[in-house]
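**Q** This is the structure I have questions about; it appears just below.
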Amino acid sequence: MPFITPDQISQRYDVIVVGSGAAGGQSAYTLSMEGAKVLMLEAGRKYDPQTETPMFQTPDQAPLAGASTADKNFGFYDATIDGGWRVPGEPYVQITDDPAGRFDWWRPRMLGGRTNHWGRIALRNGPYDFKGNSRDGLGFDWPLSYADAAPYYDKVELLVGIYGNNDGLENTPDSGPGCLLPPPKPIVCDLLIAQRARRIGVPVIAGHRAVLTRQLDFKNSPARLHPGNPRAQKIIAEDMRQRAACFWATSCGRGCAIRANYQSTTVHLPPALATGNLDIITDAMVHEVTLGKDGLADGVNFIDRKSGKQRRASARVIVLAASSCETVRILLNSKSASSGRGLANSSGKVGRYLMDTVGASLGGQIPLLESLPPLNEDGASESHVYTPWWLYQEQLAGKLGFARGYHIEYADGRRMPGLSTFASLEWLTGGSYGKKFKQDARRFYGSFVGFDGRGEMIPNEKSYCEIDPKVKDKWGIPVLRFHWGWSEHETRQAAHMQQTFKNIIEAMGGRVNGAPQSDGAKAIQTGGSLIHEVGGTIMGADPRNSVTNQWGQAWDVKNLFVTDGAVFPSNADKNPTLTIMALAWRASDHILDLMRRREL
Amino acid sequence: MDRRTTIKWMLAASASMPLISQRVPAEVVTSKVLVLKGYGTDPVLTRAYRRGELWPLEMTDAQRRTAAALCDVILPADDLSPSASSVGVVDFLAEWISAPYEQQKYDRRLILDGLAWIDAESKRRFGKLFDALQVTEQHALCDDICSEKQAKPRFAKAANFFARYRDLTAGGYYTTPAGRKDVQYIGNVPLKSFEGPPTSLLQKLGLANVAMQTPRQGKLT
């Protein structure tokens, strides 16, 4: 009976996992595969990608040709349910409406959370990324090194399926033997980018994304994932056989009914449920961790969103994986024995050092790509190639004026025409209409390329969240209030992105759409808009200035763990999801170890 | 393209008009419970929707006639593909301007005012409504407003309307099967393998020798 209702809770669990996304999914997977009895609580509704995903639907079948609206912020077919930049009845507060000081918070309310729609870009943090402070004196070091994380990156890659190459580049780690799937072949524009960017010293290599370019290795990987655990090996081998390889159509952002990409609901939860060790309650909005008389966490209080009633569950260990900010909110809304400022917060750091990714974009049009013959360039739906950060040495020598790097993602190809594919062409057509417009559309289709810089933000004192003193959501739970500010390390980096994009477009013989923004403060996208929220309960080596240790274990409450992005003490340019999963696996192994030793 | 990019480009695509942010300023978030009348935050994604089934199409017959005529001036039939009005673009536009969302409400005013202006200008110049004009007369009028950059100041507002109308007409048209066929989009079909572009094309473009795997020693060039 894996999906249960609050009335069906009949036991004290080994572990309660709050949240079902990358962190919650990985935590529940590792714990249940190794025999722990786990209860997962998810605030959103139950969701079945195999029946609910719009796989081949076209925009003409959608309202407004699939346009983004207040109901579906990323367009009609985006997988996100009951959320986006706002969740009805569950507000949050921004301290200012000024884009420079604002943090926008993306929340779905569905099983699997943001993993259902994410971009699937899966990059490892490198050795420098774990020890940034030691390298340049800024931000914080992690209390673990790349070598500590590497075996878990290997495991996650083997389990979920990541395509890419091992290129041996600086701070861009190779994977273990056999961990990566072959990358998809580059499309025409990818090759032109690679050829021309390399001429000006910018590397272009195969992308790394969580898409099965062939079936997973169900014969050899299970033993590497679960050594000494034949039952777990059998379950995951069977599950791997049921995941199809990509058939090179329909956008990953819709989710994937054939389970060819990673989302928690198609990769982590099915085998975890097959163990019989995992129960899941959806529509369960956890708002508080409670403590027993011994000072240890003994359970959580949650609202059953269907009935609006207060409910409760108990366990030996509590794992928070609710998304960085929601995890912070739960801790700050919980009471500790000693202080009035939330749970696990003797350092005063809960909510501090909130980070997002630095984003800036520019587009261009490339005459060499005009009027190509018809080609099916759907591929794996994005990022067959990308550019990892390449100026580590120049940066360390202080030549750039900003301290951390960025990578570049490219949007190109003859994609399925959407609402805006042929909009705003006057800069190219001079305002054509009629038969001339149709000729122009045929000529320019597929000749556009978009550049998205994704850069590291250094944690700062201005960017944090706290409980708003007045506002509550419709359940009566106090809500978060966000504060935000960039430093020049980020704004200068955004300006550098713009110049790089212009240089690449021109090296491709192309035309820049508009002008590159030389003022980084104008180029940089609003905080939170990249949806890479991390920090808020950072891990560290010292209880005085961090919230958890290297296993996400709260310094103040030894049976309380955080396995989501909240524990990140830095936010490398590498998209956080792969690292969240690797650290969640590592933390879960540690929990299992402590439980076996009766220390929890 | 990721979804952030899609939405950003979608908004950027309407650069000819003031952007209406989908995001909510802080004050609104804290003080109001939003009442939505659209399709809601959890619509069924796997079925096809008919224009008009979610909200009524609010466009008069007269407006439809002008809208259809203008659509077809922008995207007429030619040897390769049909006209805009013949593949349902007027219904798409009617759905768009009738939708209960902010962007669409803004566009409703812009478009209905613009269609009224087109008819008034047609009458003033030629004594007839736009849909009754000769093609040469329609073009004479549209030539004055088809470029925001080059339009005379007295046509600035009409040019702004025309730019938005052309964007939406193209959006409605190229998202139909006929529009996809026109630009020779051949994807959205399952494939056994993804082979990448043919070598002959890459040779023609000078891209046949671009390697993707970094050698153990040295750099990719």
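The values are calculated or read from the model by the stated rules, or taken from the named source; none is laboratory data. All values reported here derive from a predicted model rather than from experimental measurement. So basically every Cβ, Gly included, is an ideal-geometry build from the backbone, and we count neighbours across all protein chains shown.
**Q** Residue check, residue A:113 against (1) farther than 30 Å from residue A:466 by Cα; (2) crowded, with 24+ Cβ neighbours inside 10 Å, all met but one. Which one?
**A** Unmet for residue A:113, out of (1) farther than 30 Å from residue A:466 by Cα; (2) crowded, with 24+ Cβ neighbours inside 10 Å: (1).
**Q** Among (1) touching an Asp or Glu at 6+ places or on another chain (Cβ under 8 Å); (2) surrounded by fewer than 20 Cβ atoms within 10 Å (Cβ to Cβ); (3) within 11 Å of chain A (Cβ to nearest Cβ), which single condition is residue B:176 missing?
**A** (2)
**Q** Give all pairs with beta carbons closer than 9 Å in which a residue from the range A:536-547 that is at positive phi meets a residue that is among the aromatic types (Phe, Trp, Tyr); count only pairs at least 6 apart in sequence or on separate chains.
**A** A:536/A:353; A:536/A:464; A:536/A:568
Rundown of residues vs (1) outside any loop (DSSP other than H, G, I, E, B); (2) within 18 Å of residue A:425 (Cβ to Cβ), yes/no style:
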{"position": "B:156", "(1), (2)": "yes, no"}
{"position": "B:164", "(1), (2)": "yes, yes"}
{"position": "B:191", "(1), (2)": "no, no"}
{"position": "B:197", "(1), (2)": "no, no"}
{"position": "B:201", "(1), (2)": "yes, no"}
{"position": "B:220", "(1), (2)": "no, no"}
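**Q** What single numbered condition from (1) touching a helix residue (DSSP H, G or I) at 6+ places or on another chain (Cβ under 9 Å); (2) in a helix (DSSP H, G or I); (3) of a type in the set (A, V, I, L, M, F, W, C) fails to hold for residue A:422?
**A** The one condition residue A:422 does not meet is (2).
**Q** Looking at the structure I just gave you, is residue B:141 closer than 28 Å to residue A:58 by Cβ and either modelled with pLDDT of 95 or more or not in a helix (DSSP H, G or I) (or both)?
**A** Here the answer is no, as residue B:141 does not meet what is asked.
**Q** Filter the range B:59-83 down to the residues that are farther than 19 Å from residue A:443 by Cα, of a type outside the set (Ser, Thr, Tyr) and not in a helix (DSSP H, G or I) and list them by number.
**A** Narrowing the range B:59-83 to residues farther than 19 Å from residue A:443 by Cα: B:59-73.
Keeping just the survivors that are of a type outside the set (Ser, Thr, Tyr) gives B:59, B:61-65, B:67-73.
If the condition is that a residue be farther than 19 Å from residue A:443 by Cα, of a type outside the set (Ser, Thr, Tyr) and not in a helix (DSSP H, G or I), then B:59 is the only one that fits.
**Q** List the number of the failed condition for residue A:280; all other conditions in (1) aliphatic (A, V, I, L, M); (2) crowded, with 24+ Cβ neighbours inside 10 Å; (3) part of a strand (DSSP E or B) hold.
**A** The failed condition is (2).
**Q** Kindly check whether there is at least one residue in the range A:48-67 that is touching a strand residue (DSSP E or B) at 6+ places or on another chain (Cβ under 9 Å) and buried (at least 23 other Cβ atoms within 10 Å of the Cβ).
**A** No, there is no match, as no residue in the range A:48-67 is touching a strand residue (DSSP E or B) at 6+ places or on another chain (Cβ under 9 Å) and buried (at least 23 other Cβ atoms within 10 Å of the Cβ).
**Q** Right, here's the next one. Select from the range A:83-101 the residues that are in a strand (DSSP E or B) and touching a strand residue (DSSP E or B) at 6+ places or on another chain (Cβ under 7 Å) and write down the one among them that is farthest from the other protein chains (Cβ to nearest Cβ).
**A** Ranking the candidates gives A:87 first.
**Q** From A:203, A:182, A:173, which residue is within 7 Å of another protein chain (Cβ to nearest Cβ), surrounded by fewer than 24 Cβ atoms within 10 Å (Cβ to Cβ) and under 23 Å from residue A:578 (Cα atoms)?
**A** Going through A:203, A:182, A:173 in turn, just one is within 7 Å of another protein chain (Cβ to nearest Cβ), surrounded by fewer than 24 Cβ atoms within 10 Å (Cβ to Cβ) and under 23 Å from residue A:578 (Cα atoms): A:203.
**Q** From the list B:189, B:183, B:210, pick out the single residue that is without any contact (Cβ under 8 Å) to a residue 40 or more places away in the chain and under 30 Å from residue B:66 (Cβ atoms). Quick ask: steps written out before the conclusion?
**A** Details: B:189 fails: under 30 Å from residue B:66 (Cβ atoms); B:210 fails: under 30 Å from residue B:66 (Cβ atoms).
Exactly one residue qualifies, and that residue is B:183.
**Q** In the range A:556-593, which residues are polar (S, T, N, Q), under 22 Å from residue A:406 (Cα atoms) and assigned to a helix (DSSP H, G or I)?
**A** Across the range A:556-593, the qualifying residues are A:577, A:579.
**Q** Can I ask one more? So which of A:482, A:422 ends up being touching a residue at least 40 places away in the same chain (Cβ under 8 Å) and crowded, with 24+ Cβ neighbours inside 10 Å?
**A** A:482
**Q** Can you tell me which of A:80, A:30 is β-branched (Val, Ile, Thr) and not in a loop (DSSP other than H, G, I, E, B)?
**A** A:30
**Q** Look at residue A:72 and say whether it is surrounded by 23 or more Cβ atoms within 10 Å (Cβ to Cβ) and basic (Lys, Arg).
**A** Details: surrounded by 23 or more Cβ atoms within 10 Å (Cβ to Cβ): yes; basic (Lys, Arg): yes.
Judged against the criteria, residue A:72 is a match.
**Q** Give B:138, B:184 a once-over and let me know the one that is at the interface with chain A (Cβ under 7 Å from one of its Cβ atoms) and among the polar types (S, T, N, Q).
**A** Residue meeting the stated conditions: B:184.
**Q** May I pose another question? Considering only the range A:185-200, state which residues are of a type in the set (A, V, I, L, M) and crowded, with 18+ Cβ neighbours inside 10 Å.
**A** If the condition is that a residue be of a type in the set (A, V, I, L, M) and crowded, with 18+ Cβ neighbours inside 10 Å, then A:187, A:188, A:191, A:192, A:193, A:194, A:197 are the ones that fit.
**Q** Further question: What is the residue count in the range B:42-67 for residues that are among the aliphatic types (A, V, I, L, M), closer than 20 Å to residue B:179 by Cβ and either within 13 Å of chain A (Cβ to nearest Cβ) or surrounded by fewer than 18 Cβ atoms within 10 Å (Cβ to Cβ) (or both)?
**A** Here the count works out to 1.
**Q** Within the range A:116-153, restricting attention to residues that are under 17 Å from residue A:26 (Cα atoms) and more than 18 Å from the chain's Cα centre (by Cα), which residue is surrounded by the most Cβ atoms within 10 Å (Cβ to Cβ)?
**A** Checked the range A:116-153; the qualifying residue surrounded by the most Cβ atoms within 10 Å (Cβ to Cβ) is A:150.
**Q** What pairs can you find where one residue is in the range B:86-99 and away from every other protein chain (no Cβ under 11 Å), the other is surrounded by 24 or more Cβ atoms within 10 Å (Cβ to Cβ) and part of a helix (DSSP H, G or I), and their Cβ atoms are less than 9 Å apart, with a gap of 6+ or different chains?
**A** Listed by first residue and then by second, the contacts come to B:90/B:67; B:90/B:71; B:90/B:172; B:94/B:67.
**Q** Additional query: Looking at A:515, A:541 in this structure, which one is over 21 Å from the mean Cα position of the chain (by Cα), surrounded by fewer than 18 Cβ atoms within 10 Å (Cβ to Cβ) and not assigned by TED's automatic domain parsing to the domain that holds residue A:320?
**A** Residue meeting the stated conditions: A:515.
**Q** A further question follows. Within the range A:443-470, can you find the residues that are surrounded by fewer than 17 Cβ atoms within 10 Å (Cβ to Cβ), touching a residue at least 60 places away in the same chain (Cβ under 8 Å) and either touching a helix residue (DSSP H, G or I) at 6+ places or on another chain (Cβ under 6 Å) or outside any loop (DSSP other than H, G, I, E, B) (or both)?
**A** A:443, the sole residue that qualifies.
**Q** On to the next question. Run residue A:408 past the list (1) more than 30 Å from residue A:56 (Cα to Cα); (2) among the hydrophobic types (A, V, I, L, M, F, W, C); (3) more than 10 Å from chain B (Cβ to nearest Cβ); (4) buried (at least 23 other Cβ atoms within 10 Å of the Cβ) and report the number of the one that doesn't hold.
**A** The number of the failed condition is (1).
**Q** Is there a residue being within 13 Å of residue A:280 (Cβ to Cβ) and surrounded by fewer than 24 Cβ atoms within 10 Å (Cβ to Cβ) anywhere in the range A:12-26?
**A** Within the range A:12-26 (the criterion being within 13 Å of residue A:280 (Cβ to Cβ) and surrounded by fewer than 24 Cβ atoms within 10 Å (Cβ to Cβ)), the answer is yes, since at least one residue qualifies.
So that you can scan it fast, the table gives a plain yes or no per residue for (1) more than 24 Å from residue A:140 (Cβ to Cβ); (2) touching a residue at least 24 places away in the same chain (Cβ under 8 Å); (3) not in a loop (DSSP other than H, G, I, E, B):
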position	(1), (2), (3)
A:330	no, yes, yes
A:347	no, yes, no
A:361	yes, yes, yes
A:373	yes, no, no
A:379	yes, yes, no
A:383	yes, yes, no
A:389	no, yes, no
A:402	no, yes, no
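**Q** Further, regarding this structure: Looking at (1) under 24 Å from residue A:57 (Cβ atoms); (2) within 14 Å of chain B (Cβ to nearest Cβ); (3) in contact with a helix residue (DSSP H, G or I) (Cβ under 7 Å, 6 or more places away or on another chain), can you tell me which one residue A:246 breaks?
**A** (3)
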